[in-house]
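Encoded as structure tokens, the structure appears first; notes follow it.
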Amino acid sequence: MYSAKGFLPKLLIGIVLAYLGVLIFLPIAAIVQGAFSKGIDALLEAFSDPTLWQAFVLSIELAIAAVIVNAIFGTIVAWVLVRQNFFGKGFFNALIDLPFVVSPVITGYMIILLFGRQGWLAPFVNAANVKIAFDVPGMLLVTVFVSLPFVVREVMPVLREIGTEPEQAAHTLGASGWRTFWRVTLPGIRWGLLYGISLTLARALGEFGGVLVAGGAVSGKTETATLFIYRAIEERQNIAAYGVALILAVISFVVLIGMEVLRKRTDLEVGS
Amino acid sequence: MSIVLQDLVKHFGANSVVDHVSLEIHDGELLVLLGPSGSGKSTILRIIAGLIPADSGRVWLHGRDVTDLPPQQRNTGFVFQNYSLFRHMTVADNIEFGLAARKVPKAQRAAKREELLALVGLGGLGGRYPRQLSGGQQQRVAVARALAFEPSVLLLDEPFGALDVKIRGQLRAALKDIQRKVKITTILVTHDQDEAFELADRIGVINRGKLLEVGPPAALYRSPQHEFVATFLGGANLLAGAVEGGRVNLGAMQLSDAVSYTTVDPEGRLEVLFRPEDLMLATSADELTIPVLGQGVVEEVLFLGTLQRLRLRLQPLPGTWRLPAEFGETGVPIQVTRIPRSDGHLDFQVGQQVWVGINNFHILPRIPIRVLVGTDESANLDTLLNYTVLLARATSGPVSFVAVADDTADAEGLVTHARETLEPQLSGVNFQARVGRFVDEVLGQVNEGGYDLLVVGEPRKPTSRSEGTLRELIRRTRFPTLVVKDEPSAIRRILFCTAGGEPGKRDIIFGGRIARRAGAATTLLYVDPTPGAAARPEPPWIASHLEEGALTLLNQGIQAEVKRRQGVVVEEILKEMREGEYDLLVVGKHLEGRTTRVGTDLTLALLQRSTCPILVVTGELSRFG
């Protein structure tokens, strides 16, 4: 890194800062201003709406569930893709990125197609007496899907970089497969895994279109924080909308700081 | 016996990475597996540790057959080249890992850990993380970790390769010390010959998957049995010689009086090894009180502290040549090391005429098959190169490659292509590009260079010109020539086609050398060309020729059988080839001027119609006119 000398690099830095400023800081400032625009009492009154908290709880539940599912399966998928060879591996590897290219709205719609009353899997759903489409389970499936790639994509390069030798070393030292995984592999990938988890969390919290289609946005039942904000804007409840946006922004900020710390830890360990 | 390896085989794809390796390692011994990169030594080590399964063969550790056991149950300590320490654990936790896996209680673990830290010279550093240690320190931790749970065997895979020279020296001494103290049976893999000499109780030399020789360093250095071992373990001067009447001849020069040397080679050929320090230089022949090798000129003088290393070129010695032969060499290059003043001379100058005397020599009983691969632009180069790799692994002898084209650029291009394919798979291949006529250049090389076998490829698209070239080559060659066809698979079954006494005895022996090295089974086929229905008794000398041939092969440990057919020779040979699934066809070359029913184009007809490679040997006329 060399320090910028001369006019042109300084101009470039200036442009970048201005760009980031407009794109990021301005909206955040606007949210804060908007939330407090009618005074703190109005804000607190908006927070007394029970559906607001129900929406938050649902968002957090979905996010945590998505994190758990994707952390476990994401790690397994990453391990298989890096360590094993099988026919069609390249194809499956590409499939992992599918959630990036498919619109979440389509994902939500697919849930309806599969699990709705006239869906393909309707007989199984009815037999199991579970409601998936237009209910929380469907929203969970959407949330898991859209946040699927993060853990996989963060863990894969770390697994590759570590290589098989530490695991082989553990085997020669007498460690079983399980012990090797817990004591050697998992700690080896922990920073990459945590970084992937924080990305998963952020994505899950921010999901909108998919959970809207799959859930139906019934307030108090299938309405997430993001969906609440949308409804609040439509119903001209601006303070409430700003308030929830502010809380989400704060959570995002905390996750962001966490991600930055984790990223530095990953680099530090990898660089040893 | 502490460790026994029995006939280990491992293939990666079509390559034999470990080729029938058997070895016994004694209790408490430090054995070094020495060989160039890609020779398979690391693979052998990992098979012993259980990290890679062998395709066949067995491994015993302390009397236990561990071949089917996973690494966890083998009780071996393994040290990797890249240390492979657990980065997220402290040094102490790393060392204790093996003990923790065995549920050893904490206090005992800690005690053992301290003991090991002291042993490897890292006392007090238990609390550090690997990233806080230097490379040398990390490797010490790796050794401590491998020894902590008191394994029965210690395995090290090029452990010092990633370290600076100075650290390497320190760690070598430390390792030797530790190994002596702990008295653990140890196998260390390296490509560094100095390291092998310094550490080993015995050295096992490996090349191209084969274990060539095992022995104490001094024995392998002074009396190697294999050409590769001789040249790998230090400077070597090898000259081709022959034994005759109990004496060793180097061309016109006789090395010794009436001492009995026996060789496996029925022609009595052998190799004579002079180490650079076994030769003495003088300014005139009279000064030498020892046998004189010859006269030459000093080409280079290197100052190496107490030693001087000189490169000389002797005048050509009749009847002998340097091994391995180099292209376009005149005279005989010789390496000499000397200590200035010890022979009365302070220094020799470049360009000075000197006389060389022999103080000591050693006979190598075996001569490997030296292969020359020749190609021009018309041949299917990839098929040829793939077969070369296959053949080289079977013969474990030196390989030289020559590309001939109409201009330098094309020839260089062929060489580059060959280099790309061959260098990753074979070490020590000699490459040359030549301009001129293919047949002239290639045959010239074979004549000059003392090659045993010429390998050429089939033209990709047979044109009349390329066919003509092949015809001319076959017609003119006086050496065994192998024409590669189609895709090579392996060399497992060899068919010798005799039609009237050919191939002759020499050629069966030659083919037998390939068969023995490749582990192939052989069949001697005789085709009776007379189409008559009457079963004419075959001439008695054919029967004895076949039986002798089979016996020669069997005596060399090669599976051999005899088959007889009757009919049109070419058709019968082709039928036998198809039915018997042979990989290589050996035919005698039909010399021009012979008048038999068979005709002079038998060889060429087979060349055209055969689907597997053909080795054309020059037939002895033996009992025919």
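Annotations
- For B:Thr67, the conditions (1) within 14 Å of another protein chain (Cβ to nearest Cβ); (2) closer than 30 Å to B:Asp7 by Cα; (3) crowded, with 16+ Cβ neighbours inside 10 Å; (4) without any contact (Cβ under 8 Å) to a residue 24 or more places away in the chain all hold with the exception of (1).
- B:Pro159 vs. criteria crowded, with 18+ Cβ neighbours inside 10 Å, within 23 Å of B:Met89 (Cβ to Cβ), within 14 Å of chain A (Cβ to nearest Cβ) and touching a residue at least 60 places away in the same chain (Cβ under 8 Å): yes
- Residue within segment B:380-389 that is among the charged types (D, E, K, R) and under 30 Å from B:His191 (Cα atoms) present: yes
- Residues that are under 33 Å from the mean Cα position of the chain (by Cα) and surrounded by fewer than 10 Cβ atoms within 10 Å (Cβ to Cβ) within segment A:1-14 comprise just one, A:Met1.
- Filter result for the condition that a residue is over 24 Å from the mean Cα position of the chain (by Cα) and either surrounded by fewer than 17 Cβ atoms within 10 Å (Cβ to Cβ) or aromatic (Phe, Trp, Tyr) (or both), over A:Gly90, A:Gly116: A:Gly90
- Meets criteria (more than 14 Å from every other protein chain (Cβ to nearest Cβ), hydroxyl-bearing (Ser, Thr, Tyr) and within 29 Å of the chain's Cα centre (by Cα)) for B:Ser37: yes
- Top-ranked residue in segment A:15-56 [being among the polar types (S, T, N, Q) and over 28 Å from A:Gly215 (Cβ atoms); ranked as surrounded by the fewest Cβ atoms within 10 Å (Cβ to Cβ)]: A:Gln33
- Taken residue by residue, segment A:223-242 has at least one member that is in contact with a Leu (Cβ under 9 Å, 6 or more places away or on another chain) and either within 14 Å of another protein chain (Cβ to nearest Cβ) or over 30 Å from A:Lys131 (Cβ atoms) (or both).
- Of the set (1) more than 14 Å from chain A (Cβ to nearest Cβ); (2) part of a loop (DSSP other than H, G, I, E, B); (3) among the hydrophobic types (A, V, I, L, M, F, W, C), all apply to B:Ile52 but (1).
- Yes/no for A:Lys131 being touching a Leu at 6+ places or on another chain (Cβ under 8 Å), of a type in the set (Lys, Arg) and away from chain B (no Cβ under 14 Å): no
- Counted residues, segment B:94-114 - those being surrounded by fewer than 20 Cβ atoms within 10 Å (Cβ to Cβ), of a type outside the set (A, V, I, L, M, F, W, C) and either within 44 Å of the chain's Cα centre (by Cα) or not in a helix (DSSP H, G or I) (or both): 3
- Taken over segment B:368-426, the criterion of being among the charged types (D, E, K, R), under 23 Å from B:Asn15 (Cα atoms) and crowded, with 18+ Cβ neighbours inside 10 Å is satisfied by B:Arg370, B:Arg393.
- The number of residues in segment B:147-199 being among the aromatic types (Phe, Trp, Tyr) and over 20 Å from B:Gly28 (Cα atoms) comes to 1.
Matching residues to (1) over 17 Å from A:Ala71 (Cα atoms); (2) surrounded by fewer than 21 Cβ atoms within 10 Å (Cβ to Cβ); (3) away from every other protein chain (no Cβ under 14 Å); (4) touching a residue at least 60 places away in the same chain (Cβ under 8 Å):
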{"position": "A:Thr172", "(1), (2), (3), (4)": "yes, no, no, no"}
{"position": "A:Ser176", "(1), (2), (3), (4)": "yes, yes, no, no"}
{"position": "A:Leu201", "(1), (2), (3), (4)": "no, no, yes, yes"}
{"position": "A:Leu205", "(1), (2), (3), (4)": "no, no, yes, yes"}
{"position": "A:Phe208", "(1), (2), (3), (4)": "yes, yes, yes, yes"}
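- So A:Leu256, is it in a helix (DSSP H, G or I), more than 10 Å from chain B (Cβ to nearest Cβ) and buried (at least 18 other Cβ atoms within 10 Å of the Cβ): no
- Scanning segment A:78-103 for residues that are part of a helix (DSSP H, G or I) and touching a Phe, Trp or Tyr at 6+ places or on another chain (Cβ under 9 Å) yields a total of 6.
- A:Val16 among the hydrophobic types (A, V, I, L, M, F, W, C), modelled with pLDDT of 90 or more and assigned by TED's automatic domain parsing to the domain that holds A:Ala217: no
- Residue within segment B:127-145 that is of a type in the set (A, V, I, L, M), more than 10 Å from chain A (Cβ to nearest Cβ) and surrounded by fewer than 20 Cβ atoms within 10 Å (Cβ to Cβ) present: no
- Single residue of B:Leu61, B:Leu119, B:Leu69 found to be among the hydrophobic types (A, V, I, L, M, F, W, C) and either more than 19 Å from B:Ala148 (Cα to Cα) or modelled with pLDDT of 95 or more (or both): B:Leu69
- Filter result for A:Phe124 (among the hydrophobic types (A, V, I, L, M, F, W, C) and in a helix (DSSP H, G or I)): yes
- Residue in segment B:85-95 that is within 24 Å of B:Glu158 (Cβ to Cβ), of a type in the set (Phe, Trp, Tyr) and within 13 Å of another protein chain (Cβ to nearest Cβ) present: yes
- Any chance B:Leu117 is away from chain A (no Cβ under 14 Å) and assigned to a helix (DSSP H, G or I): yes
- Some residue of segment B:437-457 being farther than 29 Å from B:Val298 by Cα, under 16 Å from the mean Cα position of the chain (by Cα) and part of a helix (DSSP H, G or I): no
- Candidates B:Ile514, B:Ile558, filtered to the one that is modelled with pLDDT of 75 or more, part of a loop (DSSP other than H, G, I, E, B) and touching a helix residue (DSSP H, G or I) at 6+ places or on another chain (Cβ under 9 Å): B:Ile558
The values are calculated or read from the model by the stated rules, or taken from the named source; none is laboratory data. Values in this document were obtained by computation on a predicted structure and should not be read as measured data. When we count neighbours, we look across all protein chains shown, and the Cβ atoms used for this are built from the backbone with ideal geometry, even at glycine.
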